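Just below is one structure, and these are the notes that go with it.
The values are calculated or read from the model by the stated rules, or taken from the named source; none is laboratory data. Treat the numbers as computed from the prediction; the structure is a model and nothing was measured. As a convention, Cβ positions derive from the backbone with ideal geometry for all residues, glycine included, and neighbour counts pool all protein chains shown. Note: areas computed on protein heavy atoms with side chains; ligands, DNA, RNA excluded. Shrake-Rupley method; radii C 1.70, N 1.55, O 1.52, S 1.80 Å.
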Amino acid sequence: KGVDMDINNGEVIVVIGPSGSGKTTFLRTLSFLEKADEGKWIENGEETDLHSADKKQIQAIRRKSGFVFQNYNLFANKTVLENVTFGLTVGEGVPKAEKRALSALRKVGMAERADFYPNALSGGQQQRVGIARAIARNPEIILFDEPTSALDSELVGEVLKVMSELAHEGVTMIVVTHVLAFAREAATKVVFMDGGKVVEQGTPKEILVSPSEV
């Protein structure tokens with residue numbers, strides 16, 4: 001319902017709000033996992049219509065962005081390494097995909113489990129593989145959809161640690177989450193959504209400490 005957002009390079013936008021407020025739908029339309037009724041993605045002055053984009057335009061945006069799902073979405077019949085290299089080789093034809101995949105796995109502390117299958121990993125480890133899969137593509141922006149909501153509480157910390165490290169490295173991110181501690185620590189901007197609209201947006205202090213809307 002008229003969601004407008006400006007994102008600069010290196011920003012970490014954290015989107016919060018009650019269930020059903022449109023947070024996940026917003027993310028999914030940006031990555032064309034859902035088709036928007038209307039709207040535009042404007043990057044460096046170049047416009048892409050989110051409703052009528054053709055296959056080539058969709059592919060161009062997906063190449064620039066990574067998506068980390070709530071429930072990992074790993075292939076159960078592929079190893080950790082194969083899960084990370086699959087999109088690079090099949091989707092993009094990247095040479096030396098294995099080298100890039102191992103580099104991404106090292107970044108999230110999962111290189112030593114490259115030969116494991118997902119069912120041998122904890123939820124937190126699987127989600128770290130999901131993050132590695134996203135960053136292996138060297139995206140300009142990574143979209144995170146409730147990356148810790150399917151995890152037991154003791155596993156949340158290891159995923160948030162990886163995300164905080166990415167934030168400090170200047171990776172541009174939009175993160176839908178209910179973990180306000182992460183928003184306080186890592187966000188450059190917090191967006192509060194309700195009823196499909198952006199109700200308020202500002203710094204973590206403005207939104208989490210002294211919001212103008214209650």
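Among residues of segment 134-149 that are within 17 Å of residue 104 (Cα to Cα), those with a Cβ under 8 angstrom from a residue that is of a type in the set (Asp, Glu) and open to solvent by 10 Å² or more (accessible area, probe 1.4 Å), sequence gap 6+ or separate chain, pair up as 137/92. Residue 132 - would you say it is farther than 19 Å from residue 9 by Cα and within 12 Å of the chain's Cα centre (by Cα)? Yes; evaluated as a whole, the condition is true for this residue.
Against the list (1) among the aliphatic types (A, V, I, L, M); (2) surrounded by fewer than 18 Cβ atoms within 10 Å (Cβ to Cβ); (3) assigned to a helix (DSSP H, G or I), the condition residue 156 fails is (2). So is residue 193 touching a Lys or Arg at 6+ places or on another chain (Cβ under 7 Å) and closer than 21 Å to residue 32 by Cβ or not? In short, yes.
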